[in-house]
Amino acid sequence: MSGPTPYEAVKLARDNGRPTGLDYIHNVFQGFLEFHGDRRYSDDPAVVGGVAWLGSQPVTVIATEKGHTAKDRSRRNFGAPHPEGYRKALRLMKQAEKFGRPVICFVDTSGAYCGIGAEERGQGQAIAENLMELSTLCVPVISVLIGEGGSGGALALALADRVWMLENAVYSVISPEGCASILWKDASKAETAAASLKLTARDARRLGVVEKVLSEQNLGKPAFYRGLGNLLRRELEALSADPELIGKRYARFRAFGTNTLKEQP
Amino acid sequence: MAFLNFLKPKNQLEEGGRTAAPVQEDPGEPEKLCPNCRRSIPVSRLWADHLVCACGHHFRMNARQRIALVADKGSFRELFATVRGGDPLLFPGYPEKAQTARNASGEQEAVICGTALIEGRKTCLFVMEPGFMMGSMGSAVGEKIARLFEYALDRRLPVIGYTVSGGARMQEGLLSLMQMAKTSAAVKRHCDAGLLYIAVLTDPTTGGVTASFAMEADILLAEPGATIGFAGARVVEQTTRKALPKGFQTAEFLLEHGFIDQIAPRGGQTALLGELLRLHIGG
């Protein structure tokens, strides 16, 4: 199997031509109604969310959105959320829980925004709260990584029962450029860093971080969205019938890294 | 508010030091330069004041020193001491770096967990170790923290945690990132059982640790002047190309913006934690 190199995958994942969160929402679901605002400070255009139909099933959908045109991309801060984006997402997740709707997230972000206002308004606290609350949310949650999965800013929408990943999406604790500049004081070693970080979909699958890698053969075409919709519907049926949902979600994340420890008491 | 007197700093040094006695000169004794007031302080004096300068500057402290400071004498029982990280991604240079950290710090990993008495009250305690890759969180750190919250949940004990961390340990890639989820889920279970978790944020607490268990406590305390944030200040400066506000990401900045409960000078921490434990008996 020869696919793109890890750094080529990073570039593909960042490509402006890729379908964005809203493309998925509009094509996989029917009748999307967008709900705005975190009810605390503002509405973050880098995160969109609301309700929609998946066949006959009402669902809550949440996505990071990079935008397509230059103007839209700038307005959406290139998909890098502020704390308000995470708080809006959490509000919609709790609303989904109240009304017994499953939650589906589409994640495509270079990461939570590194800005002054974001720090002043508790970027770390916002992500932490989402992680805590998602870990016990009483409805099924599926997250699909469709492009860049940038660290904690992506994880805040991906503590889910099932995490899927597009074949050229990436998921990483740090950008390869950031990693290279910290470790080797040389951002041009990003290619080496990308390979070392094991950030491709295949790596994530091997590490057990994602359950499914989705082919990009028909990316953006009706057949692609139809196929994804069918997969989501089938998976949600199974998850909705599972009385051990929360316990299994805990076990899913509890196990990460445990078998890599050297001495197990 | 006389009943709150016990919360006040134990000595004048903690209050900002304007009235502190002049440092006794003892020629020949090793000294340490305070990065804040630029004075040289005899090491014995610094130790007597828990590594707090007369000007109020809090020097970094290693985990064992903190345990000795906060736990009742001889009460600390270490848990999960043998848990140690591997090299799951075969990351270039990681085993060597981890070994250097083990040699330098004398610890197996970047967090120490256990139980202790604080003013006679039993609690679970974790203390992160700045000397071990600046407290970065890999699988072992995540495992030890998660295991401690589970241990505390089983025995219905509170958890007190001292954080110091540069964030997730990038040499363990995605598995490090997943520790944010793992620790948060363990904190949530402990939280939902009505049990108390107090975090003391110390310099520096950043990145994936801030964005997970550091910020998830019921009560958030921070040492004076500690850097606390999600993104590093330099990254914020480069991203925004703006001058950072004065005191950006300090404990005082977080207090002002509503993200911590109190600034807790080191000398008063034991009394404060003891009182908080008494206020939450049964939790």
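The values are calculated or read from the model by the stated rules, or taken from the named source; none is laboratory data. Because the structure is predicted, anything quoted here is derived from the model rather than measured. Glycine also receives a Cβ, built like all others from the backbone with ideal geometry; neighbour counts cover every protein chain displayed.
Within region A:100-109, how many residues are surrounded by fewer than 23 Cβ atoms within 10 Å (Cβ to Cβ) and either among the polar types (S, T, N, Q) or over 19 Å from the mean Cα position of the chain (by Cα) (or both)?
1
Only one residue in A:65, A:97, A:84 is surrounded by fewer than 20 Cβ atoms within 10 Å (Cβ to Cβ) and closer than 26 Å to residue B:177 by Cα. Which one? Give the steps one after another, and end with the answer.
Details: A:65 fails: surrounded by fewer than 20 Cβ atoms within 10 Å (Cβ to Cβ); A:84 fails: surrounded by fewer than 20 Cβ atoms within 10 Å (Cβ to Cβ).
Of the residues listed, the single one that is surrounded by fewer than 20 Cβ atoms within 10 Å (Cβ to Cβ) and closer than 26 Å to residue B:177 by Cα is A:97.
Read through the list (1) part of a helix (DSSP H, G or I); (2) at positive phi, then give the number of the only condition that residue B:144 fails.
The failed condition is (2).
Out of the residues in region B:98-131 that are away from chain A (no Cβ under 14 Å), among the charged types (D, E, K, R) and assigned to a loop (DSSP other than H, G, I, E, B), which is surrounded by the most Cβ atoms within 10 Å (Cβ to Cβ)?
B:129
Of the conditions (1) more than 14 Å from chain A (Cβ to nearest Cβ); (2) in contact (Cβ under 8 Å) with a residue 24 or more places away in the chain; (3) out of contact with any His (no Cβ under 6 Å at 6 or more places or on another chain), residue B:52 clears all except one; give me its number.
For residue B:52, the failing item is (3).
Look through B:244, B:220, B:196 and report the one residue that is farther than 23 Å from residue A:82 by Cβ, touching an Asp or Glu at 6+ places or on another chain (Cβ under 8 Å) and of a type in the set (A, V, I, L, M). Steps first, please.
Numbers: B:244 fails: farther than 23 Å from residue A:82 by Cβ; B:220 fails: farther than 23 Å from residue A:82 by Cβ.
Answer to the selection: B:196.
Which one is surrounded by the fewest Cβ atoms within 10 Å (Cβ to Cβ), of the residues in region A:37-61 that are small (Gly, Ala, Ser) and part of a strand (DSSP E or B)? Steps first, answer last, please.
First, pick out the residues of region A:37-61 that are small (Gly, Ala, Ser): A:37, A:42, A:46, A:49-50, A:52, A:55-56.
If we keep only those that are part of a strand (DSSP E or B) as well, we get A:49-50, A:52.
On the way: A:49: 28, A:50: 19, A:52: 21.
The qualifying residue surrounded by the fewest Cβ atoms within 10 Å (Cβ to Cβ) is A:50.
Can you report the number of residues in region B:60-97 which are free of Cβ contacts under 8 Å to residues at least 40 places away in the same chain and either in contact with a strand residue (DSSP E or B) (Cβ under 6 Å, 6 or more places away or on another chain) or not in a loop (DSSP other than H, G, I, E, B) (or both)?
6
Yes/no matrix, rows are residues, columns are (1) in contact (Cβ under 8 Å) with a residue 60 or more places away in the chain; (2) closer than 17 Å to residue A:110 by Cβ:
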{"residue": "A:31", "(1), (2)": "no, no"}
{"residue": "A:38", "(1), (2)": "no, no"}
{"residue": "A:49", "(1), (2)": "no, no"}
{"residue": "A:52", "(1), (2)": "no, no"}
{"residue": "A:55", "(1), (2)": "yes, no"}
{"residue": "A:69", "(1), (2)": "no, no"}
{"residue": "A:72", "(1), (2)": "no, yes"}
{"residue": "A:78", "(1), (2)": "no, yes"}
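For region A:95-135, which positions are β-branched (Val, Ile, Thr) and in contact with an Asp or Glu (Cβ under 7 Å, 6 or more places away or on another chain)?
Looking only at region A:95-135, we keep the residues that are β-branched (Val, Ile, Thr), and these are A:103-104, A:107, A:109, A:116, A:127.
A:109, the sole residue that qualifies.
What is the one condition in (1) in contact with a Cys (Cβ under 8 Å, 6 or more places away or on another chain); (2) more than 7 Å from chain A (Cβ to nearest Cβ) that residue B:216 does not satisfy?
Against the list (1) in contact with a Cys (Cβ under 8 Å, 6 or more places away or on another chain); (2) more than 7 Å from chain A (Cβ to nearest Cβ), residue B:216 comes up short only on (2).
Regarding residue B:188, is this residue more than 21 Å from residue B:65 (Cβ to Cβ), facing another protein chain (nearest Cβ under 7 Å) and among the basic types (Lys, Arg)?
Yes, satisfied.
Can you name the condition, by its number, that residue B:87 falls short on among (1) among the acidic types (Asp, Glu); (2) surrounded by 23 or more Cβ atoms within 10 Å (Cβ to Cβ); (3) under 26 Å from residue A:209 (Cα atoms)?
Status for residue B:87: all satisfied but (2).
Need the failing condition index for residue B:47 against (1) within 28 Å of residue B:270 (Cβ to Cβ); (2) touching a Gly at 6+ places or on another chain (Cβ under 9 Å), just the number.
Among (1) within 28 Å of residue B:270 (Cβ to Cβ); (2) touching a Gly at 6+ places or on another chain (Cβ under 9 Å), residue B:47 violates only (2).
Just one of the numbered conditions (1) at pLDDT 95 or above; (2) within 13 Å of chain B (Cβ to nearest Cβ) is not true of residue A:263; which one?
Of the numbered conditions (1) at pLDDT 95 or above; (2) within 13 Å of chain B (Cβ to nearest Cβ), the odd one out for residue A:263 is (1).
How do the pairs read when you match residues in region A:224-236 that are surrounded by 15 or more Cβ atoms within 10 Å (Cβ to Cβ) with residues anywhere that are part of a helix (DSSP H, G or I) and not hydrophobic (A, V, I, L, M, F, W, C), using Cβ under 8 Å and keeping only pairs 6 or more apart or on different chains?
Every condition considered, the pairs that remain are A:225/A:24; A:225/A:27; A:228/A:24.
Of a type in the set (A, V, I, L, M, F, W, C) and away from every other protein chain (no Cβ under 14 Å): which single residue out of B:157, B:90 fits that description? Give the steps one after another, and end with the answer.
Working: B:90 fails: away from every other protein chain (no Cβ under 14 Å).
The match here is B:157.
Within region A:170-181, is even one residue within 21 Å of residue A:27 (Cβ to Cβ) and out of contact with any His (no Cβ under 9 Å at 6 or more places or on another chain)?
Within region A:170-181, the first condition is being within 21 Å of residue A:27 (Cβ to Cβ), and the residues that meet it are none.
No, every residue in region A:170-181 fails to be within 21 Å of residue A:27 (Cβ to Cβ) and out of contact with any His (no Cβ under 9 Å at 6 or more places or on another chain).
What are the pairs, 6+ residues apart or on separate chains, where a residue within region B:243-265 that is among the β-branched types (Val, Ile, Thr) and modelled with pLDDT under 95 has its Cβ under 7 Å from a residue that is outside any strand (DSSP E or B) and crowded, with 16+ Cβ neighbours inside 10 Å?
none
Taking residue A:170 as meeting all but one of (1) within 13 Å of another protein chain (Cβ to nearest Cβ); (2) more than 21 Å from residue B:211 (Cα to Cα); (3) touching a helix residue (DSSP H, G or I) at 6+ places or on another chain (Cβ under 8 Å), write down the number of the exception.
Against the list (1) within 13 Å of another protein chain (Cβ to nearest Cβ); (2) more than 21 Å from residue B:211 (Cα to Cα); (3) touching a helix residue (DSSP H, G or I) at 6+ places or on another chain (Cβ under 8 Å), residue A:170 comes up short only on (2).
Can you name the helices (runs of 4 or more DSSP H) wholly within region A:175-255 that have at least 3 residues being charged (D, E, K, R), closer than 21 Å to residue B:176 by Cα and more than 13 Å from every other protein chain (Cβ to nearest Cβ)? Step through it out loud before you land on a result.
Values: elements: A:176-184, A:190-197, A:201-206, A:222-240, A:245-254.
Per the criteria, no element qualifies.
Restricting attention to helices (runs of 4 or more DSSP H) lying wholly within region B:156-263, give those where 2 or more residues are crowded, with 24+ Cβ neighbours inside 10 Å and in contact with a helix residue (DSSP H, G or I) (Cβ under 7 Å, 6 or more places away or on another chain).
Values: elements: B:173-192, B:207-210, B:233-240, B:251-256.
Hits in region B:156-263: B:173-192, B:207-210.
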